[in-house]
Each structure stands twice: as C-alpha cells, then as structure tokens.
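This report concerns only the one structure given below.
The values are calculated or read from the model by the stated rules, or taken from the named source; none is laboratory data. These numbers come from a predicted model, not from an experiment. Heads up, the Cβs are rebuilt from the backbone with ideal geometry, glycines too, and the neighbour counts pull from every protein chain shown. Ligands, DNA and RNA are excluded from the accessible area calculation, which covers all protein heavy atoms including side chains. Shrake-Rupley method; radii C 1.70, N 1.55, O 1.52, S 1.80 Å.
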Amino acid sequence: MTSKAGPQAAIGDRRRVVICDVVPQVDGGEVSIKRVIGDSVNVEANIFADGHDELAFVLLYKRAGDSVWRESEMAGLGNDRWQGSFAVDEIGRWQYSIQAWIDRFGTWQERLKKLADAGQLSKDSLVTEFQFGAALVSDAAEEAECFAALGDSASESLPGADKGAIQLVEWAEMLVNPKERSEDQLALALSSELRQVVYQYQPRRFATTFGRELSVVVDRPLAKFAAWYEVFPRSCASKPGQHGTLADLIARLPLMADMGFDLVYLPPIHPIGMTGRKGRDGSLKAGVNDPGSPWAIGSKDGGHKSIHPQLGNFSDFRKLLLAADDLGLEIALDIALQCSPDHPYVREHPDWFVRRADGTFQTAENPPKKYEDIYQLDFESADVKALWHEVKSIFDFWINKGVRVFRVDNPHTKPLAFWRWLIERIKDKNPDVLFLSEAFTRPAMMHELAKAGFSLSYTYFTWRNTKSEVADYFTELNQGPAREYFRPSVWPNTPDILHAYLQEGGPGAFEARFILAATLAGNYGIFGSSFEMTQGQARSGNSEEYAHSEKYEIRNWDWDLTAGLRPLIAKVNGIRRDNQAFAAGGDLTFHRIDNDQLICYSRAALSNGVEDNAILVIVNIDSKSTQAGWTDLDKASLGLTQGEEFWVDDLLTGKSYQWTGARNFVELNPDHATAHIFRIRRLGVSPEAPAKSEPTARVGKN
C-alpha cells in the first residue's frame with residue numbers, strides 16, 4: 001500500500017475521496033496506540049467526496065512486517081463519519097490505515113433503482129443501462145481472476161476469488177443476453193447479492209489511502225490487568241536481624257499468590273556500594289551492619305549484571321523464577337540506571353559519568369535530597385553511543401535470564417530519544433517484555449515517556465485523595481486522549497512515599513486507598529508488608545518518608561500474622577479476577593452521591609446480553625467517621641433502564657439488597673466496612689453465590 005495523498009495534490013490527480021479526522025491516532029500518527037492481545041481496535045474517520053457518487057472503503061490492518069493487508073468493512077455513523085474495527089490476536093506491532101474510492105457500480109445501481117422507482121426506464125434505456133452495468137461487473141470479474149491467479153499471496157480478505165470470477169462472468173453475460181427477460185435482468189441488476197460480490201472485487205481506480213500508516217503496539221494481557229506486590233528479598237528471612245535471601249523469598253511466594261497478586265516486584269538485587277553508603281533513615285553515616293540502599297548499585301562484587309552475594313546466585317534466581325511460575329506469579333525487576341562510586345563502570349568507563357567543574361564525580365541530587373552514594377550517568381558524554389549500547393545490554397542480560405517485566409527507576413532523568421531507541425529494539429525482538437515507568441514528575445514528561453514506549457506508567461494517585469481529585473484525575477485518564485497510550489499503574493504507597501493521608505488515617509485509610517487503587521485501575525500495586533500491615537509512621541512530621549525505611553535497613557516482618565489487610569486484599573483481588581468489568585477494563589463512570597466523603601463509581605462491561613457485568617463501588621474516604629448519603633445513579637451506564645428495579649450483591653459481605661430507581665441510601669462505618677463493592681443483578685436473576693456474611697453497613701432503599 002502506498003501513501004501518496006497529501007495536503008497538496010498534483011495537477012491531474014484524479015483521486016476524489018477525502019479521508020480525514022482519523023481516530024485513534026496520537027501526535028498525527030507519530031506515536032503508536034496501545035492495546036493487549038484480544039482487544040479490538042475501533043477506528044473512525046470522516047470519508048466523503050465531491051458530488052453524489054456512492055463510496056467504497058475498507059479498514060486496512062496487518063502485523064508489522066506482513067506483506068499482505070487484511071481488510072475489514074466500515075459502517076456508517078452518520079454525517080460522513082464511518083467506523084470499522086479489527087481484532088489484534090498476536091503481540092507485537094500492528095499497522096492500520098483506511099482506503100476509499102468511488103463505488104462506480106454502487107453509484108450505477110442506486111441511479112438505476114431511482115429511475116425504476118420513478119418509472120423512467122424504457123426498453124431501449126434498459127438495454128443501455130444493462131450494457132453499462134455489465135461492463136462494471138466484467139471489470140470486477142477481471143480483478144477476481146487476478147486475485148485467483150495470485151493464490152496464497154492474495155489478500156486474506158479475498159478468499160474464493162476463482163469462484164467469484166466465474167459467478168461475475170455469468171452475471172455480466174446475463175445482463176446483456178437478449179434472450180433474458182428484462183424483468184429478470186433488472187432484478188439481478190438491483191440485487192444486493194450482485195452488489196456485494198462486485199463490491200468485493202471491483203477495481204479501486206483512483207483510490208485514496210489515508211496519508212500514513214498508523215501503528216498499535218499489542219502487549220500481553222498483564223499490561224492491562226495485574227496486581228503488583230513489591231518486596232525486599234533481604235527482609236524475607238525468618239530470623240530477626242538476618243539478611244534474607246532469594247531462597248527466603250521463594251518461601252514467601254505462596255502467601256503473595258494466595259493474596260491474588262500477579263507480579264512480585266523486586267527492588268534492585270545487585271551488589272551495593274560501600275562508598276557514601278547511607279545508614280538508617282538515610283543518615284550520612286552508615287553503621288557496620290547497615291546494608292545500604294539497593295539503589296546504590298555496584299561494588300567489588302559486580303554491577304548491574306550481578307546479584308548481591310548475600311541474596312544468592314543465578315542458580316537461586318532461576319529457582320525463584322520457576323517457583324513463581326508454578327504459582328502463577330511473575331517476577332519483575334527494578335532497573336536503576338545509576339551507579340555507586342564502587343561500580344565497575346566508574347573504573348572502566350569514567351567518561352560515562354557527570355563531572356563537577358573541579359573534575360570530581362557529581363553525586364545524584366533531587367533537592368533538597370542528596371544521594372552521596374550514587375554517581376550520575378552522563379547522557380551527553382562523548383562516548384554516549386557506547387553507553388546506550390551498554391545499558392541495552394543490561395536489559396538483554398536479564399531478559400536472557402528469564403525476566404519479562406521491568407520497573408525502570410527515574411526514567412525522566414534520561415533522554416526520551418534514548419528510551420525510544422532502547423524500547424523499540426527490545427520489543428522488536430521480545431514483544432512480550434513490559435516496561436513500567438517510575439516517573440513522578442511533570443505531566444508532560446510522564447506522558448512523553450508513555451509515548452516513547454513504556455508499557456505502564458506510575459500516576460499521581462498517591463496525591464489525589466479528595467473525592468473531586470480522584471474523580472477528575474481518573475476521568476482524565478480514562479476518557480481523555482491519553483487513554484490511547486498512557487496505561488496507569490496505581491500505587492497508594494512506595495518505599496519513598498507515605499502520604500499524610502495514610503500517616504494520619506489509621507487502618508481505615510489503608511483500606512480505602514487499597515480499594516480505590518484496586519477498583520479504579522486495571523493495574524495497581526502496593527509496597528508489600530508496610531502496606532498490608534498498615535505501617536503509617538513517618539520519619540518526621542512533615543515528611544513522606546517512612547520511619548525505619550526499608551530502603552536503608554532490613555525489616556523483619558511477621559509473615560505468619562493473620563491480622564492486617566491480607567484477608568481484604570485476597571478478597572478484592574478475587575473480585576477483580578471474577579468480574580469482566582475489572583478484568584476486561586470496563587467503562588468507568590462516576591455517579592453523584594450527596595456526601596463529599598463518599599465516592600461512588602462503576603465499572604461496566606456491557607454487551608446487551610447475559611454476559612453483562614456491572615460493578616458499583618462506594619468508598620468512605622473519611623477513615624475515622626461513619627458517613628451516609630443518597631446516590632444518584634446513571635442507570636444506563638450500569639446496563640439498566642430508567643425505571644428498572646434491581647439487586648445489588650455486596651461482594652465483600654455476601655449480602656444482597658433490592659434497589660429501586662437512581663436514589664438509594666448507603667451508610668459506611670470504617671470500623672466495620674470502608675466500602676461496598678456491589679455487583680448489579682437484574683430482578684429474577686439468581687446471585688452466583690449465596691449470601692453468608694452478616695451486613696457490615698446499613699443499606700436502605702428509596
């Protein structure tokens with residue numbers, strides 16, 4: 001397919017069809033949209049031409065690298081707007097475009113029908129009309145013969161071309177055969193069957209093809225729907241004060257699987273430098289037994305392609321991957337492009353690092369924070385080409401070890417051009433690899449990193465805590481243009497961030513933020529034990545850093561403890577998996593409720609059939625007080641008619657309630673229940689499971 005059409009047509013250009021306002025496309029098609037395998041790509045465009053001729057058009061699509069385009073029909077939406085779709089059934093890069101041309105046969109057929117309806121066809125004019133139509137049918141027959149001759153190299157959208165050619169020849173002959181009755185000839189000429197076959201094979205003379213081939217990157221489903229659990233392997237030991245190992249982590253994996261997580265994310269597992277090593281709570285003086293920050297990468301034991309010797313070796317790492325796989329888990333690794341002063345790169349490639357005016361190495365900074373234990377890589381180095389290739393080799397190394405998911409630390413401090421180069425090359429060879437961008441920075445940079453190829457992106461969720469902040473932010477992410485390329489990964493906490501809401505709110509705050517994260521987004525994560533144990537103590541009164549931060553010391557958690565959020569986490573993760581409204585990324589709608597401390601929203605996967613799945617979530621964000629209010633539901637977004645009564649089944653408690661209309665009363669006491677997660681059920685439809693639990697909140701009906 002060629003793409004010659006542009007804003008300035010050459011003299012004598014006989015293409016008359018205009019294709020414009022094509023969606024989806026990002027930055028004029030410069031940036032790929034994102035989908036996961038099994039998704040449909042819905043494409044719309046304005047398609048029109050001068051005059052009143054009928055038009056023909058197809059949506060073109062193929063896997064990148066394929067020589068033959070597949071085709072999909074497009075349906076009218078009105079006012080010259082047309083829509084088509086195609087399913088992506090393989091990971092990797094796909095391409096799509098639109099081609100349109102004047103439908104000469106359709107134009108003739110519509111004209112003939114109008115003349116017939118008006119009684120303006122004489123016997124002589126019919127002969128002339130049939131001769132004209134037969135010529136168009138013969139042209140289509142010749143095209144069909146050409147496709148038949150091409151055999152396997154013909155377009156996948158034109159099977160059976162040999163039979164089509166034979167049929168078209170017969171029809172053309174019938175239209176001009178004087179022995180045929182004119183009534184039969186007219187019936188054939190106006191038949192939908194003839195038009196359909198001619199449409200399929202007619203010559204596309206002077207066809208217009210949209211001015212560029214658009215692209216979509218198709219990832220595996222994990223990019224769209226997954227629960228992440230972040231854990232420090234060195235904190236997995238069973239004995240207090242002991243440095244944990246990868247083997248210790250293996251012993252903890254069943255707990256993470258039982259809670260319903262999909263990914264276990266490990267902070268850097270490489271050797272940690274001694275020079276400038278930070279002590280507890282980030283102090284500048286490390287004690288003899290202080291393990292240092294895992295992000296200060298590199299020592300005499302190696303760098304980014306090595307494992308900290310106290311964690312284990314590559315045999316242990318392989319066992320970890322296999323054990324995780326047996327449990328349905330996947331291991332994600334942190335890649336931080338920074339080095340301790342003791343990293344081998346500092347000695348072997350000193351030109352790769354930023355220098356001060358006096359020639360000494362520049363340590364990393366994020367004022368007012370300083371990282372004396374880290375040197376900055378210089379992406380303006382004269383040897384930057386070698387640096388790019390070496391960084392790529394780090395990812396290649398771990399990919400060859402079996403890792404397929406990477407969380408990238410601070411990618412916004414490296415050039416966008418570098419990320420485009422690296423991610424494109426890695427995904428061309430390994431399309432199943434996923435990249436999570438850990439960039440808490442300016443919105444423009446966060447979005448450009450997503451456009452550069454990152455599969456997932458951290459968000460501002462941590463700092464969106466009021467009802468309006470949550471609703472506005474997630475409406476923007478789900479309904480704005482970013483939905484085509486920016487996949488949010490929602491985290492209520494990280495090793496660096498303990499928001500004041502969690503510090504001050506107690507267990508109810510952790511419950512509320514967890515339920516919001518898990519139900520507002522397909523991808524969410526928690527910084528493991530600190531979160532599930534509702535650890536809310538900050539380093540100081542005005543700090544978002546943890547007291548006794550796990551970044552700087554080994555924590556010994558009671559892994560057998562049954563308290564905390566583990567039961568709730570397991571319950572909610574099960575609800576996510578069991579409902580297509582979450583698993584398939586159902587439409588997100590915020591509903592009015594007359595209390596600013598209650599957030600009400602739904603996710604719905606509606607198909608106008610028995611597979612409809614709609615979930616209504618109501619969360620009390622006041623973690624210390626009972627809050628009540630009346631809903632004002634948008635029933636259409638739930639798949640319900642305006643006057644329809646329905647059941648709401650609380651998937652957290654097992655209780656069911658019959659509601660009428662849009663207004664319904666809810667009350668949530670954080671001491672008993674922070675939220676409702678209701679599955680909508682029409683009257684007469686039995687719940688999937690009987691209610692067993694006692695109600696934990698009062699729910700009324702108007």
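Odds and ends about this structure:
- Given (1) surrounded by fewer than 18 Cβ atoms within 10 Å (Cβ to Cβ); (2) out of contact with any Lys or Arg (no Cβ under 9 Å at 6 or more places or on another chain), index of the condition residue 175 fails: (1)
- Beta carbons closer than 7 Å, at least 6 apart along the sequence or on distinct chains, pair a first residue in the range 622-641 that is under 14 Å from residue 660 (Cα atoms) with a second that is open to solvent by 50 Å² or more (accessible area, probe 1.4 Å) and not in a loop (DSSP other than H, G, I, E, B) for 632/592.
- Candidates 97, 72, 85, 67, filtered to the one that is among the hydroxyl-bearing types (Ser, Thr, Tyr), more than 26 Å from residue 584 (Cβ to Cβ) and in contact with a strand residue (DSSP E or B) (Cβ under 6 Å, 6 or more places away or on another chain): 97
- Residue check, residue 124 more than 52 Å from the chain's Cα centre (by Cα) and of a type in the set (Asp, Glu): yes
- Among the strands (runs of 3 or more DSSP E) confined to the range 333-441, the ones with at least 2 residues that are open to solvent by 30 Å² or more (accessible area, probe 1.4 Å) and either among the acidic types (Asp, Glu) or free of Cβ contacts under 8 Å to residues at least 24 places away in the same chain (or both) are located at 363-366, 369-375.
- Residue 419 vs. criteria within 20 Å of the chain's Cα centre (by Cα) and of a type in the set (Phe, Trp, Tyr): yes
- Residue in the range 171-186 that is part of a helix (DSSP H, G or I) and within 17 Å of residue 56 (Cβ to Cβ) present: no
- Output for the range 430-463, where each listed residue is over 13 Å from residue 525 (Cβ atoms) and of a type in the set (Val, Ile, Thr): 433, 441
- So residue 283, is it closer than 23 Å to residue 438 by Cα and either over 29 Å from the mean Cα position of the chain (by Cα) or crowded, with 20+ Cβ neighbours inside 10 Å (or both): no
- Residue in the range 101-118 that is within 24 Å of residue 423 (Cβ to Cβ), open to solvent by less than 50 Å² (accessible area, probe 1.4 Å) and touching a residue at least 24 places away in the same chain (Cβ under 8 Å) present: no
- Considering residues of the range 585-608 that are of a type in the set (Gly, Ala, Ser) and in contact (Cβ under 8 Å) with a residue 24 or more places away in the chain only, the residue farthest from residue 680 (Cα to Cα): 585
- For the range 511-543, a residue qualifies if it is in contact with a helix residue (DSSP H, G or I) (Cβ under 6 Å, 6 or more places away or on another chain) and within 22 Å of residue 226 (Cβ to Cβ), and the qualifying residues are 518, 520, 524, 532.
- Residue match in the range 566-573 (condition: open to solvent by 10 Å² or more (accessible area, probe 1.4 Å), farther than 18 Å from residue 461 by Cα and polar (S, T, N, Q)): no
- Test result for residue 157, open to solvent by less than 60 Å² (accessible area, probe 1.4 Å), under 24 Å from residue 35 (Cβ atoms) and modelled with pLDDT of 95 or more: no
- Neighbours by Cβ (under 9 Å, 6+ apart or cross-chain): first from the range 65-82, of a type outside the set (Phe, Trp, Tyr); second assigned to a loop (DSSP other than H, G, I, E, B) and open to solvent by 40 Å² or more (accessible area, probe 1.4 Å): 68/156; 70/156; 71/156
- Filtering the range 233-259 to residues that are within 15 Å of residue 328 (Cα to Cα) and in a loop (DSSP other than H, G, I, E, B) leaves only 259.
- Evaluation of residue 578 against (1) touching a Gly at 6+ places or on another chain (Cβ under 8 Å); (2) closer than 20 Å to residue 261 by Cβ (one fails), failing number: (1)
- Flag for residue 502 being over 23 Å from residue 586 (Cβ atoms), open to solvent by less than 10 Å² (accessible area, probe 1.4 Å) and out of contact with any helix residue (DSSP H, G or I) (no Cβ under 7 Å at 6 or more places or on another chain): no
- Residue within the range 269-284 that is touching a helix residue (DSSP H, G or I) at 6+ places or on another chain (Cβ under 7 Å) and under 21 Å from residue 393 (Cβ atoms) present: yes
- For residue 288, the conditions (1) modelled with pLDDT of 95 or more; (2) more than 23 Å from residue 229 (Cα to Cα) all hold with the exception of (1).
- The lone exception for residue 324 - which of (1) under 22 Å from residue 302 (Cβ atoms); (2) among the hydrophobic types (A, V, I, L, M, F, W, C); (3) in a helix (DSSP H, G or I) it fails: (1)
- For residue 449, the requirement of being among the aliphatic types (A, V, I, L, M) and under 23 Å from residue 350 (Cα atoms) is not met.
- Flag set for residue 149, criterion: at pLDDT below 95, more than 13 Å from residue 203 (Cβ to Cβ) and surrounded by fewer than 17 Cβ atoms within 10 Å (Cβ to Cβ).
- Counting residues in the range 516-524 that are touching a residue at least 60 places away in the same chain (Cβ under 8 Å), touching a Gly at 6+ places or on another chain (Cβ under 7 Å) and not basic (Lys, Arg) gives one or more.
- Segments classed as strands (runs of 3 or more DSSP E), wholly inside the range 449-546, with at least 2 members that are over 17 Å from the mean Cα position of the chain (by Cα): 523-527
- Looking across the range 674-686 at every residue that is in contact with a strand residue (DSSP E or B) (Cβ under 8 Å, 6 or more places away or on another chain) and in a loop (DSSP other than H, G, I, E, B), the one that is least open to solvent (accessible area, probe 1.4 Å) is identified as 674.
- Answer from 323, 247, 251 - the residue that is touching a Lys or Arg at 6+ places or on another chain (Cβ under 8 Å) and open to solvent by 10 Å² or more (accessible area, probe 1.4 Å): 247
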